[in-house]
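The next block holds one structure in the form of structure tokens; read it before the comments.
The values are calculated or read from the model by the stated rules, or taken from the named source; none is laboratory data. Computed from a predicted structure; not experimentally measured. So basically every Cβ, Gly included, is an ideal-geometry build from the backbone, and we count neighbours across all protein chains shown.
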Amino acid sequence: MRGLGLSFSYSLGMALVYTAMGIAAGLAGQGLAAALQNAWVLGGFALLMMLLSLSMFGVYELQMPAAIQTRLMGRSNNRAAGTHAGVFAMGALSALIVGPCVAAPLAGALVYISQTRDALIGASALFAMATGMSIPLLLLGASAGALLPRAGAWMDGVKKFFGVLMLGTALWIASPVIPPRYQMIGWALLGLGYGVWLLSRNRHSGNVIVGVLAAALGSIQLAGLAAGAADPFTPFTPAVQGQAAGTPFQRVRTVEQLDAALASAKGRTVMLDFYADWCVSCKEMERFTFSDPRVQAELGKLVLLQVDATANNADDQALLKRFGLFGPPGIVFFGAGASEIPHTRVIGYQDAEKFLRSLAALAGSAG
């Protein structure tokens, strides 16, 4: 029950901040999360995570000053370990680095808030969504006390493991602003370093298995880098192949450029894709959907335009506002007369099969 209560406090902090950010984004009509996805903010979070990880490796001890500890000791003697207020604050902070991509349910809630100005219903929808996301955390919190073994020497290994996870989290947070090749170097060093450290310790079977696995994953990144790959998620795919299979979008940067491109389409169906480097779903669309040969065959029949909203500058916001979008990913289709084809928008990630169905529905609407 104690673990469940602390998990609930963490989830509540995350849900309240998530809801507040959603309301702010809806009322402002802008992608608030996108404003957090710049090099300074992401770099600051990554640096903080790296500094905190050093305490896991014994570089320093992260604790309150002795004088304050002594003062608080008397007050805390009769209380159980862990405070709901502290865990609540951790959950609130974690909401600031949650993925900023706008999925279909979130986009719908934000559109409702911006158009109806009914913040109460919109906030309740966003809070319910965040609460649903928290259910796995609650389940883990409720079961942790029963599943974890007793304290002992094994905790030192767990401490180092969490230090490695924090370094990995720092690299993942900063990945939108780090070139892919440098990401691969980072993952290789992390995997090989942890693997070698585990294998150099006592020959416990668990250390050997995890150490070999970590070293193998790091070696895969190095081998892929040497072979010319430029994506840590597909280290066996050379960068040249990825570029050859890329979808030939024409970039538009302003509303005026978009109008000119639509006018020059001469009646052909136009697909306008909103993309950003920090949008994970956008990269998934490129990697798994647009690269599908069947999808490429259908896209070859269209005029392909793309807005790169990575910078989230005034021009990007003007283009998003024109179509009532709060951020990428989002795809808008245009037919004859450069007018949008109703009920054909694609919001959020779609795999190849689902996107092919969307394109089939588009053909029916355009016809």
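Between a first residue in region 41-52 that is touching a residue at least 60 places away in the same chain (Cβ under 8 Å) and a second residue that is outside any helix (DSSP H, G or I), which pairs have beta carbons less than 6 Å apart while being 6 or more apart in sequence or on different chains?
Every condition considered, no pair remains.
Looking at ARG201, is it in a loop (DSSP other than H, G, I, E, B) and out of contact with any Lys or Arg (no Cβ under 6 Å at 6 or more places or on another chain)?
On the way: in a loop (DSSP other than H, G, I, E, B): yes; out of contact with any Lys or Arg (no Cβ under 6 Å at 6 or more places or on another chain): yes.
Yes.
Give the residues of region 86-101 that are surrounded by 17 or more Cβ atoms within 10 Å (Cβ to Cβ) and either modelled with pLDDT of 65 or more or not β-branched (Val, Ile, Thr) (or both), sorted by residue number. I'd like the intermediate steps shown before the answer.
To start, the set of residues in region 86-101 that are surrounded by 17 or more Cβ atoms within 10 Å (Cβ to Cβ) comprises 87-88, 91-92, 95, 97, 100-101.
VAL87, PHE88, GLY91, ALA92, ALA95, PRO100, CYS101, listed by residue number.
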